[in-house]
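Only one structure is covered here, and it is reproduced in the block below.
The values are calculated or read from the model by the stated rules, or taken from the named source; none is laboratory data. Since this is a predicted model, take the numbers as computed values, not measurements. Ideal geometry is used to build each Cβ from the backbone, glycine not excepted, and the neighbour counts take in all protein chains shown.
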């Protein structure tokens, strides 16, 4: 059969549901092969959005998302998405076209070395130079993308290779179980936890899996150890539970960091140094037990003394079976810190002023979203407020990126979440800066007939950088911009546009948008003027008193 047909057969064998794409002339054979396939083609309006959708699909399912672009400029537009998947540990396979490699009459037109460009951003990148190599290269790309630690892989399919004929069979995926931690490591960790006076559990992005979440919940329910999460670990345990203290939305100085300071042992589950550090290790400080699929990458602020390397869920199960609650464990300080944090959050969310304060936005969103509702956050100031103030109840119900932390991913990620979970409410939360980086995907969402709500928090500036600017005591300079009429903008794509003009209007409008169905954009003016005072001063002063 033709190599492009063989390639699509290989995708089908891997269980691929969607290919997110902007095809070009170098992909036309592959496009024709996809036309007769059960794999669904989702055409986006920018390659970056296709990559973000593929990566989010991988994050939510554990199976590689697939995105497709042409050569040259199409491939370069996938670079940010490649880094997004690679740093965020999301399995994704990118496929790019290329001019004929055996004989071409177009010189160097549009040609760059895409494989070399992708090398530092992927786990695997390869040009397919023979149709007979398609099955092996596709299988390897998927295997490596999904193998711990997950990430991005890339295949380049030149148009003359796509037209070759091959008699090679498709390779069926092989399923292997992850190795489990050795008994000695489990015993050493269990002894350290039992001997501690104030153990603390910290959950990171690597634990955001269904089975791992189940084991963590059983572990916490049995032992009662106080728990905190990183931004990308939100929802792994139910954050309304009595043992949950809070989220490390800030790097230091928050209420949760007092619990870290007072702990003598930190059980760090699924942490990856690529995520902004949730705490800073110091010589002579708390002992750290690292539980993850991979050994710890040593960093100036992370050098764990005990490592339990292997399948996380199994490691937690083994530890749970060995451990019992200890009479000498003391959790009174952690309980006091939790209560102080909850009071601070509650005190700040009742402001009726307009433009809306971010704390009030978070409260109203939580009141509307069901427990299994999904938030897809772009990158901006609101991300800190949602990470800190929004209680999540299930894994991957708050999709935020604290690894690459790119702008522009919010709407595409929400669209991918809606494809994976069409029955669940999905809310994209974007700032005006991040939204405009991929706002054209409104057309894609409308064309897909999605029921999707986009909450656009507008401050007419790059708000997070303004916050940092204020923190560094610099002048307010260079970060303001103008915006279109977002209501008219949404409606020009066939979506529904809304604008909030009073705080009391927000919650009823959000409920209305979800009940009506279709694509809705809500323009909400937001007031970030207290960011510096609250996040840089007030919280630190209150935390020091605990």
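Of note:
- Options 465, 384: the member that is in the same structural domain as residue 506 (by TED's automatic domain parsing), free of Cβ contacts under 8 Å to residues at least 24 places away in the same chain and in a helix (DSSP H, G or I): 465
- When residue 185 is tested against the conditions (1) in contact with a strand residue (DSSP E or B) (Cβ under 6 Å, 6 or more places away or on another chain); (2) buried (at least 22 other Cβ atoms within 10 Å of the Cβ); (3) closer than 25 Å to residue 149 by Cβ, the lone failure is (2).
- Residue in the range 331-342 that is touching a helix residue (DSSP H, G or I) at 6+ places or on another chain (Cβ under 8 Å), part of a strand (DSSP E or B) and closer than 23 Å to residue 241 by Cβ present: no
- Qualifying residue in the range 72-82 (condition: in the same structural domain as residue 143 (by TED's automatic domain parsing), over 20 Å from residue 144 (Cα atoms) and crowded, with 24+ Cβ neighbours inside 10 Å): yes
- Qualifying residue in the range 244-253 (condition: in a loop (DSSP other than H, G, I, E, B), in contact (Cβ under 8 Å) with a residue 60 or more places away in the chain and out of contact with any helix residue (DSSP H, G or I) (no Cβ under 8 Å at 6 or more places or on another chain)): no
- Residue within the range 354-363 that is assigned to a helix (DSSP H, G or I) and under 20 Å from residue 241 (Cα atoms) present: yes
- Residue that is nearest to the chain's Cα centre (by Cα) [pool: residues in the range 111-131 that are surrounded by fewer than 17 Cβ atoms within 10 Å (Cβ to Cβ) and part of a helix (DSSP H, G or I)]: 120
- Sub-6 Å Cβ pairs linking a first residue in the range 264-288 that is in the same structural domain as residue 206 (by TED's automatic domain parsing) and at pLDDT 90 or above to a second residue that is surrounded by fewer than 22 Cβ atoms within 10 Å (Cβ to Cβ) and assigned to a strand (DSSP E or B), at least 6 apart or interchain, are 265/287, ordered by first then second residue.
- So residue 376, is it buried (at least 21 other Cβ atoms within 10 Å of the Cβ), in contact with a strand residue (DSSP E or B) (Cβ under 9 Å, 6 or more places away or on another chain) and assigned by TED's automatic domain parsing to the domain that holds residue 258: no
- The residues on offer are 99, 105, and the sole one that is in contact with a helix residue (DSSP H, G or I) (Cβ under 9 Å, 6 or more places away or on another chain) and at pLDDT below 95 is 99.
- Residues of the range 142-156 satisfying the condition of being in a helix (DSSP H, G or I) and free of Cβ contacts under 8 Å to residues at least 60 places away in the same chain: 143, 144
- Only residues that are assigned to a loop (DSSP other than H, G, I, E, B), modelled with pLDDT of 95 or more and in contact with a helix residue (DSSP H, G or I) (Cβ under 7 Å, 6 or more places away or on another chain) were counted in the range 176-203, giving 1.
- When the residues of the range 53-74 are filtered to those that are without any contact (Cβ under 8 Å) to a residue 60 or more places away in the chain and not in a loop (DSSP other than H, G, I, E, B), the one that is farthest from residue 421 (Cα to Cα) is 72.
- Residue count for the range 418-438, restricted to those that are buried (at least 24 other Cβ atoms within 10 Å of the Cβ), under 17 Å from the mean Cα position of the chain (by Cα) and assigned to a helix (DSSP H, G or I): 2
- Tally, over the range 398-417, of residues that are farther than 23 Å from residue 230 by Cβ and assigned to a loop (DSSP other than H, G, I, E, B): 0
- Flag for residue 381 being at pLDDT below 95, within 29 Å of the chain's Cα centre (by Cα) and surrounded by 21 or more Cβ atoms within 10 Å (Cβ to Cβ): yes
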